[in-house]
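Here's the structure we're looking at; comments come further down.
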Amino acid sequence: MSATTPIPEADGIAACPVSLELNGQRRHLDIEPWTTLLDLLRDRLAMTGTKKGCDHGQCGACTVLVDGKRVNACLTLAVMCDGKQVTTIEGLARGDELHPIQQAFIDHDAFQCGYCTPGQICSAVGMVNEGRARSRDDIREQMSGNICRCGAYPHILEAIEDALPAARAWAGEGER
Amino acid sequence: MNPFSYARPASVDDAVKLAGPDARFIAGGTNLLDLMKENVLRPRQLIDITHLPLREVAASGNGGLRVGALVSNADLAWHPEVEARYPLLSQAILAGASGQLRNMATTGGNLLQRTRCWYFYDTGTPCNKREPGSGCGARDGVNRMNAILGASDACVAVHPSDMCVALAALKATVHVQGRQGAREIAFADFHRLPGDEPQRDNVLADDELITAIELPAEGFATHYRYLKVRERASYAFALVSVAVALEMDGDTVRQAHVALGGVAHKPWRREEAEALLVGQRADDTHFAAAADALLAGAQPLAYNAFKVELARRAIIRALDEAARGVTR
């Protein structure tokens, strides 16, 4: 499909039609091209689970899953998510059952202020989907895109390590 | 971000027709959108190339591998053919950025990322790369991260990529297409030294789009090493990095490719340094001679003199580990 919008004038707004699946729900939206996925979620759709930390891809607080892959929502244009599946922290649980990574963060007390937590959890789910984390060192390295300024890393590491088998099984069940 | 219009062409031909000085191609967007938020770049139009058919990794005619420009960094690093035949490239890619960014960033985009020189990013300071003729804030500023080789009075920026250092050592080829047609560029000729035109990072014309990277048949899968030295254990740009690809015959070096990152405006290679290794015993004496040749004429700045010795030792260690087949 080819689509082109005119160059915007000073006060002009050139919104683009976008259709995406957000946490399993089909959404049809008109979005200005310069809107990031993060601003769409938080400002337009009032889904504030996804956090804005640095807004420059350095902290990972805005991590969400696009087509199952973890990305920084602050460096993703919403208009480029047309036709994609977006999963945020609000979409991980199945009904009242928390995702194993979510449950493990509670069980291991893996946060203090909690601001980085949704990004940490979505990033860990994305890491599980990638299937490359086999050791504690792997988890440390592959989670380095998520900063915790409280320094809760030891418990975050324990939570993720503990939940890896259950998270893999959960992902497998989701595919059926 | 400033307003811009958005185009989503369906073919490479359509994409290059839309290109121009006020437009930018966008794929992963990891660097472009960051620079737009910082007001360093203010394109009037973004051309979304993510719907173009440039995602294939396939055998090339000469026994090598052709990688589509839109293959993500993560997919490339973990591609079975790349892991088996070009592990140097996998190692370099995985040494860079974060899991999130490697899922977003593309092969073509990695070549086009801009320097992380603080003065390029800070629009309150002069920078000849951002605003030609305005001066260089880094040359007499806080220049710990800046160049020690190949710099000019106008610019002391370094190219930030890890992947490109490996591609330089592997002697890849860049395939591009513009309105005048397609052409191939040897990797060594793709990026430029700054000279008096630091605003030009590479030799691409405004209307040219990277379509693929081609890896030659020889992948140096036995004797290789990407060694990256940085300020923290993960998710930081290189102070110095070294990509080594060797062909060995017992203790004797038959072929040697060495490229450095973090030291110059482009991945740094010198064939005369590599020639000092060929036909010689793989030992510290020859490694040191090659390192000295690679770094000859280095001109450190006020805060980065440490890089010269750091690079020298990193080269020797990377050569040693590659020769012995120690990969991690």
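Bear in mind these aren't lab numbers, they're just calculated from the coordinates by the rules spelled out. From a predicted model like this one, the values you see are computed outputs, not experimental measurements. Neighbour counts run over all protein chains shown; Cβ positions are idealised from the backbone, glycine included.
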Average Cα contact separation per residue, chain A, under 8 Å, 6 or more apart, as relative contact order %: 21
Gained length - B:Glu131 relative to B:Arg254, 0.36 nm times residue gap less alpha-carbon distance: 39.7 nm
Value of relative contact order over the range B:42-163, rounded to a whole percent, pairs C-alpha under 8 Å and six or more apart: 20
Percent antiparallel among DSSP beta bridges (both partners in chain B, rounded to 5): 85
Least to most buried among B:Arg116, B:Arg24, A:Arg134 (fewest other Cβ within 10 Å first): A:Arg134, B:Arg116, B:Arg24
The range A:16-88, relative contact order in percent, only Cα pairs under 8 angstrom and at least six apart counted: 40
Pairwise FRET efficiency - B:Asp292 versus A:Ser19, Cβ, R0 = 60 Å, nearest 0.05: 0.50
Only Lys, Arg (+1) and Asp, Glu (-1) charged, at Cβ; the range B:5-50 dipole about Cα centre in debye: 120
Computed lengthening from B:Arg116 to B:Arg192, 0.36 nm per intervening residue step minus Cα-Cα distance: 25.7 nm
Proximal lysines relative to B:Lys307, as straight alpha-carbon distance under 17 Å, when same-chain residues fewer than 8 apart are discounted: B:Lys228, B:Lys266
Euclidean distance of C-alpha centroids, the range A:64-83 and the range B:281-304, integer Å: 43
In the range B:207-283, trypsin sites (Lys or Arg not before Pro) in a DSSP loop with at most 11 other beta-carbon atoms within 10 Å: B:Arg232
Under 19 Å from the Cα of B:Lys37 - lysines, other chains or at least 8 residues apart: A:Lys51, A:Lys52, B:Lys129
Cβ charges +1 (Lys, Arg) and -1 (Asp, Glu), total dipole of the protein assembly as shown, debye: 380
For the range B:1-78 versus the range A:84-102, the gap between their alpha-carbon centres in whole angstrom: 31
Rough spin-label spacing in nm, given labels placed 7 Å along Cα→Cβ, for A:Asp30 and B:Glu309: 6.5
Efficiency of FRET between B:Ala236 and A:Ala171 - r from beta-carbon atoms, R0 45 angstrom, step 0.05: 0.90
Spin-label pair A:Cys54/B:Arg200, simplified geometry with 7 Å Cα→Cβ offset, distance in nm: 3.3
Residue-span extension gain [B:Glu83 to B:Asp284] - 0.36 nm each, minus C-alpha spacing: 69.5 nm
